[in-house]
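The structure appears right after this line, and notes come after that.
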Amino acid sequence: MGKGVEQVGIITNNYIRWNYAHFLDYAADRIFLQKVGGGYIFIHRMLMEHFAEMKLEN
């Protein structure tokens, strides 16, 4: 998986279920992510940058 997708998983950890494959497929169905080979990439660069710049809450 790409770095951006991993960051989304970390940021949204309190909101997603344990089935990450389902979560990633759900995001791809809603055109936030695109399936590429065996992984996913963000469709929108600005969205990827937004998640990458977010600070994690403790």
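The values are calculated or read from the model by the stated rules, or taken from the named source; none is laboratory data. Please read all numbers here as calculations on a predicted model, not as lab measurements. Only protein heavy atoms, including side chains, enter the accessible area calculation; ligands, DNA and RNA are left aside. Shrake-Rupley method; radii C 1.70, N 1.55, O 1.52, S 1.80 Å.
For the reader, a short list of remarks on this structure follows.
- Accessible area of Tyr20 in the full protein assembly, 1.4 Å probe (Å², nearest 10): 90 Å²
- The length gained on full extension between Ile31 and His50, counted as 0.36 nm times the residue separation minus their Cα-Cα distance, comes to 5.2 nm.
- Solvent-accessible surface (1.4 Å probe) assigned to Met54 amounts to roughly 80 Å².
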